[in-house]
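Have a look at the structure below before the remarks.
Every read-out reported here was derived from the displayed coordinates using simple, explicitly stated rules and does not represent laboratory data. Keep in mind that what you see is a predicted model, and the values were worked out from it rather than measured. Cβ coordinates were reconstructed from backbone atoms using ideal geometry, including for glycine residues, and neighbour counts include every protein chain displayed.
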Amino acid sequence: MSDDPVLFGLYVPPHPHPLLAPEQNKGWGELRAAYDECRRRIEESEADVIIVYSTTWPSIVGHQFQVQPEPEWVHVDDDFHFLGSMPYKFKMDVEFGNAYRDAAESRGLHARTVAYHGFPIDTGSVVALSLLNPDNRIPACIVSSNMYSNRSETIVLGKAARDALKAQGKKAVIVAVSSLSNRMFTKHVEPQDDRIHSAKDEDWNQKILEFFEDGRLEDLSQLSRDIHGQIRVQKVVAYKPAWWMAATMGQHNNYDGEVMAYAALHGSGGAVIQLTPSKGSVGDKEFDEDDVEIYRGDRNVLVTAAGDMQAPGGVDGPLDEAERPEEDEEGWRNPVEVIDDLYDEYGSTVISHAGGALGAAAGAAIAGPVGGVAASIVAKKTVGKMMSKDGAIIAEDAPSAVGAYPHARRMGNLLFISGVGPRNPEDNRIPGGPIEDGDGNPLNYDIEAQTEACIENIRIILEACEADLSNVIDVTTFLVDMKRDFEGYNKVYAKHFEEIQATRTTLAIQALPTPIAVEMKVIAKAP
């Protein structure tokens, strides 16, 4: 495998502790020692470029490549600023960065380069390059991690790296900068008390390390989506770096794996791991997913009400162009077009698992072998909610609105939730009691019960949007009596949002449209 353009790959943590405070914790020191050993191996290699894929450089649209020849600045980590500053001056491989951008575009990706003084290098890249290449002996290329890219897009990004290496005849060491579990403590932890956040995180970290150590990179790439679902952390964890590594190094299990260090980093799991191409193999892949060469955007995968992927006739997998019937074959129509037509005709009418008038209409309208599948898509996309084509969402199980507005609206990758009070969805009763009677006389009420009900109603609306409380990024709360109610409201709020760490604004107002004490408005990430 001497002709392989990738000499070896590294998986390293982004946290600054091994760089700035290795002496404060035994595990941090072990990670630093592993970093130092990797630095030595890179120096002794024949690498022409170090390619860094950093999950702490998130991009929103497409993929970005750092090609400023010598980016120089002083970086301070947002979360761990107390550890100190990280001055840096790196050397970028401008020629390779541009070639990588071109290769990504030729494979259908949206890509651009960044080349101006002052563009901030992210924490993960600063830590990795400062420890692995402190003297800039080898030029580097840093690539962003798109927050919303799926497996297909990330696999294609990795293959584009191989294209650029082969086109330029270069050898590379690739570096994926990411945590294993990524759930950190939300309060300060003394260095000696650092540990993995939860037992479940530790179990899955050990499974990931087992796959790495066995050199089962492609198996890990296939399994990582399940791991992410089990860990239930919304941030990027092992799956995207594993996809990128697998595609860049070669999608197989022929690697010598070495876990050089593993330790807790403020609750998350950090590991320094090396994978080197070898001639051995542990066997077949655990799963079989598409091996995508060109990215053409999100493909039309048919989703049943059970969440399974199906093609016509119940065959699992995506409906490829070659497999699609002709438009006029047995009355077949593209299910996505049928759904759009149904939205145009029925607007916000409820489509549920039970069917109803629109469910029956959907089944009747979609003739041919995919009729049931497309009807299932309609049911899946709208269960528990009503949705209009422009993104407005009305949650069937939430309290009805008191005005001409929807419960939520999706715009791009964000969900905007209208102000939500504590009223019971079934009978409009106010948990904890109303703040006044019908004549406007004040009544005693329970702010904690109202806040709890308010958050529950938000959860119901988010579920109708296929999201949950962990997706919330910003909260605005309105209290009619700040002095009386803030303490009780804050107590309940912390129970649900302490680990989520959404931004929050709490305002005192004179009144609300109904006799309630609290109303909350949130912005959330769309899944």
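Can you figure out the FRET efficiency of Asp193 with His110, using R₀ = 51 Å and their beta-carbon distance, to the nearest 0.05?
0.70
What does the charge count around His496 come to, taking other residues whose C-beta lies under 14 Å from its C-beta (Lys +1, Arg +1, Asp -1, Glu -1)?
With Lys, Arg at +1 and Asp, Glu at -1, the net is -2.
Give me the distance in nm between label points sitting 7 Å out from Cα along the Cα-to-Cβ direction at His117 and Val76, one decimal.
2.2 nm
In region 481-527, what GluC sites (Glu not before Pro) fall in a loop by DSSP, with at most 16 other Cβ atoms inside 10 Å?
The qualifying sites are Glu498, Glu499.
Provide Leu131, Leu443 in ascending order of the number of other Cβ atoms located within 10 Å of each residue's Cβ, fewest first.
Ascending Cβ contact count within 10 Å gives the list Leu443, Leu131.
Using the C-alpha atoms of region 96-190, what convex hull volume per residue, in cubic angstrom, is computed?
Considering the Cα atoms of region 96-190, their hull volume per residue is 154 Å³.
Along the Cα-to-C-beta direction of Asp437, a point sits 7 Å from the Cα; which residues of region 492-527 have their amide N less than 16 Å from that point?
What the label zone holds, given the 16 Å backbone N cut-off, is 515.
What ³J(HN,Hα) values, in whole Hz, does the Karplus curve 6.51 cos²θ - 1.76 cosθ + 1.60 give for region 424-436 when θ = phi - 60°, with x put for Gly and Pro?
Ordered by residue, 3J(HN,Hα) equals 5, x, 7, 10, 6, 5, 9, x, x, x, x, 7, 7 Hz.
Take Leu157, Leu83 and order them by how many other Cβ atoms sit within 10 Å, fewest up front.
Lowest to highest Cβ neighbour count: Leu83, Leu157.
How high is the relative contact order of region 412-527, given as a whole-number percent (alpha carbon pairs under 8 Å, six or more residues apart)?
Contact order relative to length: 40 percent.
Could you give me the percent of Cα pairs per 5 Å distance bin for region 395-525, shortest bin first, beginning at zero and ending with the bin that holds the maximum distance?
Histogram of Cα-Cα distances, whole percents per bin: 2, 11, 22, 25, 20, 13, 5, 2, 0.
For region 6-277, what is the relative contact order in percent, using Cα pairs closer than 8 Å and at least 6 residues apart in sequence?
Once divided by the residue count of region 6-277, the mean separation gives 30 percent.
Which pairs, out of Lys200/Lys495; Lys166/Lys207; Lys26/Lys491; Lys170/Lys207; Lys89/Lys159, put more than 27 Å between their alpha-carbon atoms?
Lys166/Lys207; Lys26/Lys491; Lys170/Lys207; Lys89/Lys159
At what distance in nm do the modelled label points of Asp397 and Gln206 sit from each other, each positioned 7 Å from its Cα along Cα→Cβ?
Between Asp397 and Gln206, the label points sit 3.5 nm apart.
Between region 393-464 and region 116-186, what is the C-alpha centre distance in whole Å?
44 Å
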